[in-house]
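Engineer: Below: one structure in structure tokens.
The values are calculated or read from the model by the stated rules, or taken from the named source; none is laboratory data. Source: prediction; values computed, not measured. Positions of Cβ are generated from backbone atoms using ideal geometry, with glycine treated the same way; all protein chains shown enter the neighbour counts. What goes into the accessible areas is simple: the full protein's heavy atoms, side chains included, and nothing from ligands, DNA or RNA. Shrake-Rupley method; radii C 1.70, N 1.55, O 1.52, S 1.80 Å.
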Amino acid sequence: MDRKFALKMMNITKEFPGVKALENVNLKVKKGEVHALCGENGAGKSTLMKILSGVYPFGSYIGEIFINDREVQFLDIKASQEAGVAIIYQELALVPEMTVAENIFLGSDLMRSGIISWEKLYAESQKWLDMTGLDIDPQMKLGDLTVGKQQLVEITKALTKNADILILDEPTSALTESEAEVLFSILARLKERNVTCIYISHKLDEVLKIADSVTVLRDGQTVSTDPISNLTENDIVSKMVGRELTEFYPFEERPFGNEIFRVNNYSFYENETQEELVANVSFNLRKGEILGVSGLMGAGRTELFISLFGGYNGKKTGEVYLENELISINKPADSIKHGIAYVSEDRKRYGLVPEMNIIKNTTLASLDKVKKNRLLDADMELEKAEEYAKKMNLKSHSLEAFMSQLSGGNQQKVVLSKWLLTNPKVLILDEPTRGIDVGAKFEIYKVIVELAKEGVGIVLISSELPEVLGMSDRVMVMSEGRITGELPRTKATQEEIMKLATIGSDI
Amino acid sequence: MTTNNENKKTKESKISFKFNAQSYALIIALVLIAVLFAVLTGGEFLSSRNLSNLFTQMTVISVLAIGMTFVIVTAHIDLSVGSLAGLTGGIAGILHVWYDWNTGIVVLAAVMVGALLGLFQGWWVAYRAVPAFIVTLGGMLIFRGILVGITGGQTIAPMDQSFRSIAGSYLPFSLGYILAVSGIILLFFFTIRRRARRRELQLQLPSPFMDFGKISLYAVGILLVTYILSRYQGIPLPLIIVVVLGGIFIFVSSKTAFGRSIYAIGGNKEAAALSGINIKRNTFLVFGLMGALAGIAGIILTSRLNAATTGAGDMYELDAIAACVIGGTSLAGGRGYIVGSIIGALIMVSIDNGMSMMNIPTFWQYIVKGSILIVAVWVDIASKNKTSASVA
Ligand SMILES: Nc1ncnc2c1ncn2[C@@H]1O[C@H](COP(=O)(O)OP(=O)(O)OP(=O)(O)O)[C@@H](O)[C@H]1O
Ligand SMILES: [Mg+2]
């Protein structure tokens, strides 16, 4: 037997009621390598890792797992931790009300031994934070950190467990570029200590940069495992989707109509502190135009558009025009009535109702559209949900599945369906492709272009520069709550955007 | 949408078993309790007279539990319903006995007062952001205080015949059987139609065995209860009130935008708000509805006791909340079933009734009911943890 494998998962099959999520999957990971796991949304990546980490206990799946050539059978998460497996989930699993230090050592002996020594707790946390190169005060409340920083805290937490095998499920989807760099340097250090990493990501450029080998899953089956040196980005993509994908952005030149949305001298103030989050912003949008909005995290893009949409309490000044008419928006219902839709970047918090199925989530913002004789009509609801599920290429065993039974990317598609169903004139998309695989991204871009062709004005907020550059007719750049510049498609480049994005900030 | 057809077929029976195991659990619990008390009381518990009594007793808690389901679904709580039922019942007594108002107007007045006081609490919760726990804890004291104040601590009695007949009349035997049989026919009709509909829409179908097995059980239950009740005096009117109210609320929860909205609010408030749902107004209305139901409960209570007392409805909030939780309503919000809550109410009242029949001292009843509440909530949370682990 080959002794170099830190982990072997052999012939793993896992079924959920109505779906076979994994079928005879094999994963072999060498000691000390960074092993990327790629595949479309719903391919079974997260499920495979949940089996490895004991979330789905031994007995609920078929197959064998070997760690350092010894067979293991985890009955719960704790058992896998004791065997040296640590996992960082796609969705955060921290306590926002606690301090950073408490979160790092939650459940460890430091927090469990009767009386907690706070000095020791803070000192220990500081040590680990230094090691990962994170500049965070361990006494801060976790909830006060950006989502990216929280993610890095979670990674730090996993490290304190002295894991031999560290699983990262889409760790960078909420990280800024510089935070992602911090993560990569952590991974490099781990490699020196011979820690094995399994890395799930839809960002293939990252995979190419940091992985040593790649396993691709498709529809719950292993397609291949190759060393990275044998692969190009296109190879991985075609293995994932099962065909050649040559085009990434289905952008088309198209004529624009009249101005549909205009914002003049708009400012927005935080409700309690009165801090100016959005300062004197003016911009316009024409029918059929795709306006990209770029900027670093914290540039005020989300604040600008959620407050415009009516989703925040707080003072607003300035004017908003829809089709040349001054409108006033105080709450989301006003926006929806006017035909403005906002797709949030945080689908778990602002997008989905977990206790509801796909159908009900889809119709939630357009209940008026599925009524007959003033009553909700189940057939109409189903019809609409089905129509959009098809349009979005949603993968689920049933439209009555709950959100928790969908993979991350498919959840995102449900949120998009919900907002498309409102039939918007102005569609604001905040990071619409976060956590979505390349194939599905392409589908979503196609939908965006189709909508634009039909005359919908589209705002595309995105932290991924290639996406902004590939899809926008015009790029608006924000920094520190202000608009620092606008570039037409022909003039927009990564360098220009980064220059504008860092105006006034200290990076 | 890709559907894996072969998988679906093989899985069908398994899923339906799981779903039904859940809904059967309640019925099984109910049957166990009935058998237990029947044995302990030498059959007396299941006598016609006692069952008739039991179904009348259960109505007040059921009516409260129906409203409480909506309150808990929005992730709130209402601790004032016992006091409010007491107060509205007291007001009804005063208007009826002291001022000679006629029964119809008294009923209307009590429901209105209940609704208004409910809205008052809802206003504090929704528009002033005071936690419902605090507002209704305050309300519990305030309403009880008002009740003692306006009655001067006296018991108000007696009601006249028309008022007493609200809780004290029975359907004629023939009408009772006609209603029971039409109820059963409707049950089968709806089930068949739902199955046809689901087949047409290609949604997953529970196996016919399970589906029809369940409603057959219901049918047998309905007939049996009707038979037993007929051997005494017939189906009590308040039971019909509960069935009608239950039907209305089931309809509201599944067929109206308001109903959908409150489930969304409890399931994810922020997502609901961004979807254009008016959180405040809907919350406000839910408390208003709860108040109106407390008014109805108050009327039934006063009618049944043939008196308005200052202690009426004391601690009923506990029974109502426990009924909801036993029936599968989640305290975290977003999930709740009216039918479950009504069965939950029946369970709670059976325990009360059974223990009284066995002459178990009242203090034991408190201890047992308190424990049941804790265990029921624990079961809810434990099952939640299990599912969320697989969500992670
Ligand atoms: N608890 C569950 N119940 C039923 N089906 C589930 C459950 N969890 C996952 N699935 C299904 O299993 C399949 C694999 O899901 P998984 O979450 O592993 O995908 P993934 O590869 O991680 O996708 P993504 O990139 O979108 O995160 C999907 O079809 C999903 O719908
Ligand atoms: Mg996943």
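Engineer: Within region A:188-205, can you find the residues that are surrounded by fewer than 19 Cβ atoms within 10 Å (Cβ to Cβ), under 29 Å from A:Tyr61 (Cβ atoms) and not basic (Lys, Arg)?
Structural biologist: A:Asn194
Engineer: If A:Gly455 passes every condition in (1) of a type outside the set (Ser, Thr, Tyr); (2) within 14 Å of chain B (Cβ to nearest Cβ); (3) touching a Gly at 6+ places or on another chain (Cβ under 9 Å); (4) more than 16 Å from ligand 2 (Cβ to nearest atom) but one, which one does it miss?
Structural biologist: Only one criterion in (1) of a type outside the set (Ser, Thr, Tyr); (2) within 14 Å of chain B (Cβ to nearest Cβ); (3) touching a Gly at 6+ places or on another chain (Cβ under 9 Å); (4) more than 16 Å from ligand 2 (Cβ to nearest atom) is unmet by A:Gly455, namely (2).
Engineer: Go through region A:487-497 and report how many residues are open to solvent by 80 Å² or more (accessible area, probe 1.4 Å) and in contact (Cβ under 8 Å) with a residue 24 or more places away in the chain.
Structural biologist: Quick first cut of region A:487-497, residues open to solvent by 80 Å² or more (accessible area, probe 1.4 Å) only: A:490-491, A:494-495.
So of that shortlist, the ones also in contact (Cβ under 8 Å) with a residue 24 or more places away in the chain come out as A:494.
Residues in region A:487-497 being open to solvent by 80 Å² or more (accessible area, probe 1.4 Å) and in contact (Cβ under 8 Å) with a residue 24 or more places away in the chain: 1 in total.
Engineer: What residue, among those in region A:42-68 that are touching a Phe, Trp or Tyr at 6+ places or on another chain (Cβ under 7 Å) and more than 30 Å from A:Val438 (Cα to Cα), is farthest from ligand 1 (Cβ to nearest atom)? Spell out the reasoning first.
Structural biologist: Of the residues in region A:42-68, the ones touching a Phe, Trp or Tyr at 6+ places or on another chain (Cβ under 7 Å) are A:50-51, A:54, A:57-58.
Among the residues that remain, those that are also more than 30 Å from A:Val438 (Cα to Cα) are: A:57-58.
Numbers: A:Pro57: 14, A:Phe58: 17 Å.
Here the answer is A:Phe58.
Engineer: Now a separate question. Within region A:426-448, which residues are modelled with pLDDT under 95, away from ligand 2 (no atom under 16 Å from the Cβ) and over 23 Å from A:Glu179 (Cα atoms)?
Structural biologist: A:Phe442, A:Glu443, A:Ile444, A:Tyr445, A:Lys446, A:Val447, A:Ile448
Engineer: Would you mind telling me which numbered condition in (1) over 21 Å from the mean Cα position of the chain (by Cα); (2) more than 11 Å from chain B (Cβ to nearest Cβ); (3) closer than 21 Å to A:Thr222 by Cβ A:Gly44 fails?
Structural biologist: Of everything listed in (1) over 21 Å from the mean Cα position of the chain (by Cα); (2) more than 11 Å from chain B (Cβ to nearest Cβ); (3) closer than 21 Å to A:Thr222 by Cβ, A:Gly44 misses just condition (1).
Engineer: Just checking, how many residues over region A:468-486 are open to solvent by less than 20 Å² (accessible area, probe 1.4 Å) and β-branched (Val, Ile, Thr)?
Structural biologist: 3
Engineer: If I filter region B:281-299 for residues that are within 11 Å of chain A (Cβ to nearest Cβ) and surrounded by fewer than 24 Cβ atoms within 10 Å (Cβ to Cβ), do I get at least one hit? Lay out the reasoning, then the answer.
Structural biologist: Looking only at region B:281-299, we keep the residues that are within 11 Å of chain A (Cβ to nearest Cβ), and these are B:281.
Keeping just the survivors that are surrounded by fewer than 24 Cβ atoms within 10 Å (Cβ to Cβ) gives B:281.
For region B:281-299, residues within 11 Å of chain A (Cβ to nearest Cβ) and surrounded by fewer than 24 Cβ atoms within 10 Å (Cβ to Cβ): present.
Engineer: Sticking with this structure for a sec: Could you tell me which residue of region A:403-425 is surrounded by the most Cβ atoms within 10 Å (Cβ to Cβ), considering only residues that are part of a helix (DSSP H, G or I) and away from ligand 2 (no atom under 16 Å from the Cβ)?
Structural biologist: First, the residues of region A:403-425 that are part of a helix (DSSP H, G or I): A:403-405, A:408-421.
Subset that is away from ligand 2 (no atom under 16 Å from the Cβ): A:416-421.
Values: A:Leu416: 27, A:Ser417: 23, A:Lys418: 25, A:Trp419: 25, A:Leu420: 23, A:Leu421: 20.
Residue satisfying both the conditions and the ranking: A:Leu416.
Engineer: Please state which of the following conditions B:Ile265 fails to meet, knowing it meets all the rest: (1) touching a residue at least 24 places away in the same chain (Cβ under 8 Å); (2) open to solvent by less than 30 Å² (accessible area, probe 1.4 Å); (3) under 20 Å from the mean Cα position of the chain (by Cα).
Structural biologist: In the conditions (1) touching a residue at least 24 places away in the same chain (Cβ under 8 Å); (2) open to solvent by less than 30 Å² (accessible area, probe 1.4 Å); (3) under 20 Å from the mean Cα position of the chain (by Cα), B:Ile265 misses (3) alone.
Engineer: Just to check your reading of the model, which residue among B:Met315, B:Met355, B:Met290 is closer than 23 Å to B:Leu36 by Cα and either in contact (Cβ under 8 Å) with a residue 12 or more places away in the chain or of a type in the set (Asp, Glu) (or both)? Walk me through it before giving the result.
Structural biologist: On the way: B:Met315 fails: closer than 23 Å to B:Leu36 by Cα; B:Met290 fails: closer than 23 Å to B:Leu36 by Cα.
Sole residue among the options that is closer than 23 Å to B:Leu36 by Cα and either in contact (Cβ under 8 Å) with a residue 12 or more places away in the chain or of a type in the set (Asp, Glu) (or both): B:Met355.
Engineer: If we only count helices (runs of 4 or more DSSP H) wholly inside region A:157-265, which ones have 2 or more residues that are within 16 Å of ligand 1 (Cβ to nearest atom)?
Structural biologist: Details: elements: A:177-192, A:204-210, A:233-241.
Output list reads A:204-210, A:233-241.
Engineer: Shifting gears a bit: Is it the case that region A:145-154 has a residue that's within 16 Å of ligand 1 (Cβ to nearest atom) and within 14 Å of chain B (Cβ to nearest Cβ)? Reasoning before the result, please.
Structural biologist: Initially, region A:145-154 is screened for residues within 16 Å of ligand 1 (Cβ to nearest atom), giving A:151.
Those still in the list that are within 14 Å of chain B (Cβ to nearest Cβ) too: none.
The answer is no; no qualifying residue exists.
Engineer: Sticking with this structure for a sec: Only one of B:Phe163, B:Phe173, B:Phe143, B:Phe189 is among the aromatic types (Phe, Trp, Tyr) and free of Cβ contacts under 8 Å to residues at least 40 places away in the same chain; which? Steps first, please.
Structural biologist: Details: B:Phe163 fails: free of Cβ contacts under 8 Å to residues at least 40 places away in the same chain; B:Phe173 fails: free of Cβ contacts under 8 Å to residues at least 40 places away in the same chain; B:Phe143 fails: free of Cβ contacts under 8 Å to residues at least 40 places away in the same chain.
On inspection, the qualifying residue turns out to be B:Phe189.
Engineer: Among A:Lys337, A:Lys372, A:Lys315, which is surrounded by fewer than 24 Cβ atoms within 10 Å (Cβ to Cβ) and within 9 Å of chain B (Cβ to nearest Cβ)? Steps first, please.
Structural biologist: Working: A:Lys372 fails: within 9 Å of chain B (Cβ to nearest Cβ); A:Lys315 fails: within 9 Å of chain B (Cβ to nearest Cβ).
The match here is A:Lys337.
Engineer: Return yes or no: is A:Ala385 touching a helix residue (DSSP H, G or I) at 6+ places or on another chain (Cβ under 9 Å), open to solvent by less than 10 Å² (accessible area, probe 1.4 Å) and either more than 7 Å from chain B (Cβ to nearest Cβ) or not β-branched (Val, Ile, Thr) (or both)?
Structural biologist: Values: touching a helix residue (DSSP H, G or I) at 6+ places or on another chain (Cβ under 9 Å): yes; open to solvent by less than 10 Å² (accessible area, probe 1.4 Å): yes; either more than 7 Å from chain B (Cβ to nearest Cβ) or not β-branched (Val, Ile, Thr) (or both): yes.
For A:Ala385, the condition - touching a helix residue (DSSP H, G or I) at 6+ places or on another chain (Cβ under 9 Å), open to solvent by less than 10 Å² (accessible area, probe 1.4 Å) and either more than 7 Å from chain B (Cβ to nearest Cβ) or not β-branched (Val, Ile, Thr) (or both) - is met.
Engineer: Just checking, which of A:Ser294, A:Ser282, A:Ser267, A:Ser307 is within 14 Å of chain B (Cβ to nearest Cβ) and open to solvent by less than 70 Å² (accessible area, probe 1.4 Å)?
Structural biologist: Working: A:Ser294 fails: within 14 Å of chain B (Cβ to nearest Cβ); A:Ser282 fails: within 14 Å of chain B (Cβ to nearest Cβ); A:Ser267 fails: within 14 Å of chain B (Cβ to nearest Cβ).
The match here is A:Ser307.
Engineer: Can you pull out the residues in region B:189-205 that are more than 10 Å from chain A (Cβ to nearest Cβ) and not in a helix (DSSP H, G or I)? So that I can check it myself, show each step before the final result.
Structural biologist: Quick first cut of region B:189-205, residues more than 10 Å from chain A (Cβ to nearest Cβ) only: B:189-193, B:195-196, B:199, B:205.
B:Leu205, the sole residue that qualifies.
Engineer: Please state which one of A:Lys384, A:Lys395 is within 22 Å of the chain's Cα centre (by Cα), of a type outside the set (A, V, I, L, M, F, W, C) and either closer than 14 Å to A:Leu364 by Cβ or within 16 Å of ligand 2 (Cβ to nearest atom) (or both).
Structural biologist: Details: A:Lys384 fails: within 22 Å of the chain's Cα centre (by Cα).
Selected residue: A:Lys395, the only one of A:Lys384, A:Lys395 that is within 22 Å of the chain's Cα centre (by Cα), of a type outside the set (A, V, I, L, M, F, W, C) and either closer than 14 Å to A:Leu364 by Cβ or within 16 Å of ligand 2 (Cβ to nearest atom) (or both).
Engineer: Could you check B:Phe258 against (1) open to solvent by 30 Å² or more (accessible area, probe 1.4 Å); (2) more than 14 Å from every other protein chain (Cβ to nearest Cβ) and say which number it fails?
Structural biologist: (2)
Engineer: A further question on this structure: Buried (at least 19 other Cβ atoms within 10 Å of the Cβ) and of a type outside the set (A, V, I, L, M, F, W, C), is that true of A:Thr215?
Structural biologist: Values: buried (at least 19 other Cβ atoms within 10 Å of the Cβ): yes; of a type outside the set (A, V, I, L, M, F, W, C): yes.
Answer is yes for this residue.
Here's the yes/no breakdown for (1) within 28 Å of A:Phe256 (Cα to Cα); (2) crowded, with 23+ Cβ neighbours inside 10 Å; (3) at pLDDT 95 or above; (4) of a type in the set (Ser, Thr, Tyr):
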site	(1), (2), (3), (4)
A:Glu272	no, no, no, no
A:Asn330	no, no, no, no
A:Gly351	no, yes, no, no
A:Asn361	no, yes, yes, no
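Engineer: Just need a number here: residues in region A:321-378 that are farther than 28 Å from B:Val252 by Cβ and among the hydroxyl-bearing types (Ser, Thr, Tyr).
Structural biologist: Residues meeting the conditions: 4.
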